[in-house]
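Comments concern the structure below.
The values are calculated or read from the model by the stated rules, or taken from the named source; none is laboratory data. These figures come from a predicted structure and were not determined experimentally. Here Cβ is always computed from backbone atoms with ideal geometry, including for glycine, and neighbour counts include all displayed protein chains. Only protein heavy atoms, including side chains, enter the accessible area calculation; ligands, DNA and RNA are left aside. Shrake-Rupley method; radii C 1.70, N 1.55, O 1.52, S 1.80 Å.
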Amino acid sequence: TPRDFVVFFGQAPFLRRRAAQPAAAVRPAIAAPIVLGSGTVEPPGGCVGTEVEVVVGGERIENARELRFSHPALTATQKHGDDGKPVANTFIVKIPADAPVGGHDATLVTALGISSARCFSVGTLPGTVRAAANTSVATATPMALNSICNASTTAQSIDHYRLELHRGQRILVECAAV
């Protein structure tokens, strides 16, 4: 005779048995790991030889425990506030001077499981992190030549950046979406 059971997932898995079956008929449930939904890593990269404050976002990431990278040279520790308590979803990422340049997978570990990977880019150019919305010429983010800006675009808007250039100077602007 088949013995059915139903598993519900909420904050913690639990078992509910059908009313007609005795307790001995309930089989233990084996919960598969939960892959967390899509998320963000802001900023999505940094320069070799620096530390970067990274904020992760996404669904079901409460009580994030750890931020892991596909290369062991990259390490992250949870940021703590002035009161000594961990700052939610915020990590300090150390990028050593000998870290390989390029894209590396970043995954978030929570009580519910591991997130899907997001790209964390390591480069050699100094960078700017866009701190506020730059949706007008007046609020344009200043940029230096031969630098990068780690940012995400503002939804349904145009982002503005400011460069100091000389008449006749040519520049190359490269945009990458990761």
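A single member of N150, N134 is in contact with an Asp or Glu (Cβ under 7 Å, 6 or more places away or on another chain), open to solvent by less than 90 Å² (accessible area, probe 1.4 Å) and within 26 Å of F91 (Cβ to Cβ), and it is N134.
Looking at A144, is it among the aliphatic types (A, V, I, L, M), open to solvent by 50 Å² or more (accessible area, probe 1.4 Å) and under 18 Å from G39 (Cβ atoms)? In short, no. Residues that are out of contact with any Asp or Glu (no Cβ under 8 Å at 6 or more places or on another chain), open to solvent by less than 40 Å² (accessible area, probe 1.4 Å) and among the small types (G, A, S) within segment 46-78 comprise G46, A64, listed in sequence order.
Consider C149 carefully, then state whether it is within 22 Å of the chain's Cα centre (by Cα), modelled with pLDDT under 85 and part of a strand (DSSP E or B). Answer is yes for this residue.
Each row is one residue, and each column tells you yes or no for (1) touching a strand residue (DSSP E or B) at 6+ places or on another chain (Cβ under 7 Å); (2) under 15 Å from P44 (Cα atoms).
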| position | (1), (2) |
| --- | --- |
| F120 | yes, yes |
| G123 | yes, yes |
| T128 | yes, yes |
| A131 | no, yes |
| T135 | no, no |
| A138 | no, no |
| S152 | yes, yes |
| S157 | no, no |
| Y161 | yes, no |
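Checked against (1) open to solvent by 60 Å² or more (accessible area, probe 1.4 Å); (2) in contact with a helix residue (DSSP H, G or I) (Cβ under 8 Å, 6 or more places away or on another chain), V129 passes all but condition (2). The set of residues from segment 79-126 being free of Cβ contacts under 8 Å to residues at least 24 places away in the same chain and either among the charged types (D, E, K, R) or surrounded by 14 or more Cβ atoms within 10 Å (Cβ to Cβ) (or both) comprises D82, D83, K85, P86, V87. Number of residues in segment 153-168 that are open to solvent by 70 Å² or more (accessible area, probe 1.4 Å) and part of a loop (DSSP other than H, G, I, E, B) equals 9.
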